[in-house]
């Protein structure tokens with residue numbers, strides 16, 4: 001069963017949707033797309049995005065890549081959200097038609113097109129569904145645990161690194177020693193942490209009988 005992910009940090013969001021961190025900050029502050037899990041509340045706070053946020057951000061990036069200006073994207077996004085309120089997160093679900101000047105929306109009835117920006121000629125048509133599937137696949141790949149062999153005192157251990165997509169970094173477990181659990185920001189730091197924590201844990205286990213006997 002797939003692991004439920006509570007949210008995505010700005011760094012992981014940037015990687016998954018193809019935007020820059022500066023773009024994410026600007027789009028949040030100007031209302032184009034604000035993170036729906038957790039908004040930044042000042043220095044030291046963080047932005048946390050939902051999966052639906054990722055899909056909408058990928059759509060925005062696709063529109064910009066197709067030549068649509070940021071101003072036009074804003075107009076289209078506002079129109080779609082205001083006029084398709086019966087659809088949850090319509091920007092992540094509606095089929096769009098784009099030509100660099102215009103964004104048209106394929107409606108739910110009879111496949112009719114509505115001009116969300118009021119000018120231009122249709123030449124490109126893409127559906128949002130495949131974008132959502134592509135983002136979902138990339139999320140699964142990014143969140144998948146990875147193994148790392150670490151040698152400590154002549155013994156090889158298997159460290160399992162699980163990415164934390166909200167806070168960043170990794171949660172680390174050691175397969176051969178279930179009681180070992182630690183965290184690290186990077187893979188090199190994870191290796192160093194495992195080498196440090198395993199001897200401490202084993203030493204604590206050796207001292208436990210002596211403490212009980214006192």
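Can you work out the base-10 log of I(q)/I(0) for the range 145-208 at q = 0.12, 0.17, 0.27 1/Å, using the Debye formula on its C-alpha atoms alone?
-0.27, -0.53, -1.18
If the viscosity is 1.002 mPa s and the temperature 20 °C, what Stokes-Einstein diffusion coefficient in µm²/s follows for the range 26-75 when Rh is the Kirkwood radius over Cα pairs? Mind dumping the intermediate values first?
Numbers: Rh = 11.7 Å.
Stokes-Einstein gives a translational diffusion coefficient of 183 µm²/s.
Among 96, 33, 205, which comes first, then next, by fewest other beta-carbon atoms within 10 Å?
Working: 96 24, 33 20, 205 11.
With the fewest neighbours first, 96, 33, 205 line up as 205, 33, 96.
With a 10 Å Cβ neighbour count serving as the proxy for reagent exposure, in which order, fewest first, do 193, 148 appear?
Numbers: 193 19, 148 15.
If I rank by nearby Cβ atoms, fewest first, I get 148, 193.
Based on other C-beta atoms within 10 Å, arrange 49, 170, 79, 21 from fewest to most.
On the way: 49 28, 170 23, 79 18, 21 12.
In increasing order of surrounding Cβ atoms, one gets 21, 79, 170, 49.
Expressed in nm to one decimal, what extension gain is obtained for the pair residue 148 and residue 65 from 0.36 nm per residue of sequence separation less their Cα-Cα distance?
Working: separation 83, 0.36 × 83 = 29.88 nm, distance 3.75 nm.
Fully extending the segment from residue 148 to residue 65 adds 26.1 nm.
Would you kindly state how much longer the chain becomes between residue 26 and residue 200 on full extension, computed as 0.36 nm times their sequence separation minus their alpha carbon distance, in nm to one decimal?
Details: separation 174, 0.36 × 174 = 62.64 nm, distance 4.58 nm.
Here the segment from residue 26 to residue 200 would lengthen by 58.1 nm.
Read-outs throughout are calculated quantities, based only on the coordinates presented, and are distinct from any laboratory measurement. Quick caveat: nothing in here was measured; it's all calculated off a predicted structure. All Cβ positions, glycine included, derive from the backbone under ideal geometry; neighbour counts span all protein chains shown.
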